[in-house]
Structure formats: structure tokens, C-alpha cells
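The values are calculated or read from the model by the stated rules, or taken from the named source; none is laboratory data. Only a predicted model underlies this, so the values are computations on that prediction, with no experimental measurement involved. Quick reminder, even Gly has a Cβ in these numbers, built from the backbone with ideal geometry, and neighbours come from all protein chains shown.
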Amino acid sequence: DGGITQSPKYLFRKEGQNVTLSCEQNLNHDAMYWYRQDPGQGLRLIYYSQIVNDFQKGDIAEGYSVSREKKESFPLTVTSAQKNPTAFYLCASSAGGDTGELFFGEGSRLTVL
Amino acid sequence: QKEVEQDPGPLSVPEGAIVSLNCTYSNSAFQYFMWYRQYSRKGPELLMYTYSSGNKEDGRFTAQVDKSSKYISLFIRDSQPSDSATYLCAMSPYNNNDMRFGAGTRLTVKP
């Protein structure tokens with residue numbers, strides 16, 4: 001089955017710790033995205049990547065970092081510099097950078113204790 | 001003012017009702033309009049995709065775009081309990097990188 005796999009589904013972190021969220025896709029899509037979802041707010045773009053070894057900041061990149069060493073993988077690191085990291089994180093992919101369907105993973109819920 | 005406004009609800013209707021979900025927006029450059037459905041603790045999935053103004057129908061779902069009023073709607077006919085979910089509107093001027101999402105409307109269809 002083709003799709004996007006995010007892990008872990010739930011994650012707890014102590015303040016001051018970095019944490020990395022995994023995102024893997026087997027759809028052969030070029031573009032991948034990380035969004036953050038908070039109650040009462042629309043999805044907000046953290047980072048996106050159109051091609052391997054290249055990525056761009058989205059609207060709320062501060063306190064986050066990414067890498068795109070393989071087409072299939074786009075991990076997100078939430079660093080200790082992110083002031084309010086507790087949120088639901090969604091990874092998505094699309095066939096290209098042009099507007100088209102975004103395919104989402106099932107999300108990772110991060111809670112900072 | 002948010003770029004995309006969407007009433008978060010919650011909205012509760014009886015099975016079989018017609019449901020109307022709406023979003024307004026402020027950026028006249030938006031020309032691609034989408035509706036995503038998100039079940040609890042899952043990722044969103046695309047329901048409807050329209051370009052520019054007009055209507056699009058797919059089964060029980062109809063999407064309408066009125067660019068002159070900066071207003072989009074999603075209608076669900078003969079609503080079913082399985083339609084219970086959060087519905088997100090999304091729109092973009094050029095490409096996915098500039099996509100803007102509404103906050104989502106939570107819908108419950110009661111049997």
C-alpha cells in the first residue's frame with residue numbers, strides 16, 4: 001500500500017530536549033511538507049522540500065530543522081529553541097510543487113512535559 | 001484578520017440532513033480551492049478540488065466557489081454518521097507552498 005508513514009504516533013519530551021519525528025513516503029513524490037496543527041488554528045507550514053538535498057522554510061520554521069537526504073524521507077527535529085512545541089505534527093507529500101493533492105500521514109502528537 | 005476564516009462549530013445534524021460548510025478569505029490571489037476531511041487523530045484527506053469560480057459535484061458532495069464574494073462552500077447531501085469529522089478548507093494562489101488552511105469545522109451526524 002502506498003502512503004506516508006509517520007512515527008512515533010505519540011511522543012513525550014522533557015523541556016530542553018530535542019526530538020526527531022520521522023516521515024517516510026513510498027509514493028515516489030518529489031515534494032514533502034511538515035505542518036503543525038493546533039486547536040482553533042489552520043495547518044501552518046513549518047518546512048517544505050521540492051527535491052532531495054534542498055528544503056525551504058515555511059511560515060513557522062523557528063525552532064525546527066529538517067533534512068532531505070533521500071527522496072523517501074523527510075525527518076523533522078523539534079529543537080529546544082521551539083518555545084511552544086506541544087502540538088500535532090503532520091507530514092505530507094505531493095507529486096510536485098504545483099498545486100495538487102496533498103497526501104498526509106496520520107500525524108505525530110508531541111507533548112512537552 | 002486571518003487570511004482564511006472558518007467557523008469551528010461544532011455542528012451537529014441528524015442523519016439525512018443537508019450540511020453546509022463555509023469559508024471566507026481575504027486574499028484575492030487565491031485560485032485553487034480544496035476541502036479536506038480529517039477524522040479524529042488522523043491526517044486530512046482530500047475531498048474536493050476546484051480551480052477558480054464555479055461548482056463541482058462528486059456524489060453527495062458539492063463544492064462552490066464565489067471569488068467575487070471571496071466565499072467557498074461545501075454541501076453534503078443525505079449526511080451519514082460516517083461523515084462525522086472535521087472539515088478543513090484550503091486555498092492557494094499558485095502552488096502548495098503557499099497553501100492556507102482554515103481552522104476546520106467539526107461535524108457530527110447523529111443516527
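Table: residues versus (1) part of a strand (DSSP E or B); (2) over 29 Å from A:C91 (Cβ atoms); (3) in contact (Cβ under 8 Å) with a residue 60 or more places away in the chain.
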residue: B:P8; (1), (2), (3): no, no, yes
residue: B:N27; (1), (2), (3): no, no, yes
residue: B:F33; (1), (2), (3): yes, no, no
residue: B:K42; (1), (2), (3): no, no, no
residue: B:T62; (1), (2), (3): yes, yes, no
residue: B:V65; (1), (2), (3): yes, no, no
residue: B:D78; (1), (2), (3): no, yes, yes
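If the condition is being modelled with pLDDT of 95 or more and assigned to a loop (DSSP other than H, G, I, E, B), then region B:80-101 contributes B:Q80, B:S84. When residues in region A:18-59 are screened for being of a type in the set (D, E, K, R), touching a Lys or Arg at 6+ places or on another chain (Cβ under 6 Å), at pLDDT 95 or above and surrounded by fewer than 22 Cβ atoms within 10 Å (Cβ to Cβ), 1 of them pass.
The single condition among (1) over 22 Å from A:Q37 (Cβ atoms); (2) surrounded by fewer than 20 Cβ atoms within 10 Å (Cβ to Cβ); (3) more than 14 Å from chain A (Cβ to nearest Cβ) that B:D83 does not satisfy is (1).
With respect to the conditions (1) in contact with a strand residue (DSSP E or B) (Cβ under 7 Å, 6 or more places away or on another chain); (2) modelled with pLDDT of 95 or more, A:E62 lacks only one, and its number is (1).
Okay, residues lined up against (1) out of contact with any Phe, Trp or Tyr (no Cβ under 9 Å at 6 or more places or on another chain); (2) facing chain B (nearest Cβ under 8 Å); (3) among the aromatic types (F, W, Y):
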residue: A:T5; (1), (2), (3): yes, no, no
residue: A:Q17; (1), (2), (3): yes, no, no
residue: A:C23; (1), (2), (3): no, no, no
residue: A:N28; (1), (2), (3): yes, no, no
residue: A:R36; (1), (2), (3): no, no, no
residue: A:Q41; (1), (2), (3): no, yes, no
residue: A:I51; (1), (2), (3): yes, no, no
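Would region A:12-26 turn up any residue that is within 24 Å of B:Y87 (Cα to Cα) and in a loop (DSSP other than H, G, I, E, B)? No, that holds for no residue. For region B:49-60, name all the residues that are assigned to a strand (DSSP E or B) and more than 14 Å from B:S20 (Cβ to Cβ). Scanning region B:49-60 gives B:Y49, B:T50, B:Y51, B:G54, B:K56, B:E57, B:D58. Looking at A:K70, A:K14, just one residue is of a type in the set (K, R), surrounded by fewer than 17 Cβ atoms within 10 Å (Cβ to Cβ) and free of Cβ contacts under 8 Å to residues at least 40 places away in the same chain, and that residue is A:K70.
Here region A:80-94 is the region considered, the condition is being exposed (fewer than 15 other Cβ atoms within 10 Å of the Cβ) and not charged (D, E, K, R), and the residue that is farthest from the other protein chains (Cβ to nearest Cβ) is A:A81.
Could you check region B:95-111 and list, in sequence order, the residues that are closer than 18 Å to B:K67 by Cβ and either more than 7 Å from chain A (Cβ to nearest Cβ) or buried (at least 24 other Cβ atoms within 10 Å of the Cβ) (or both)? Within region B:95-111, B:D98, B:M99, B:G102 meet the criteria.
Does region A:87-113 hold any residues that are modelled with pLDDT of 95 or more, of a type outside the set (D, E) and part of a loop (DSSP other than H, G, I, E, B), and which are they? Answer for region A:87-113, where residues must be modelled with pLDDT of 95 or more, of a type outside the set (D, E) and part of a loop (DSSP other than H, G, I, E, B): A:G105, A:G107.
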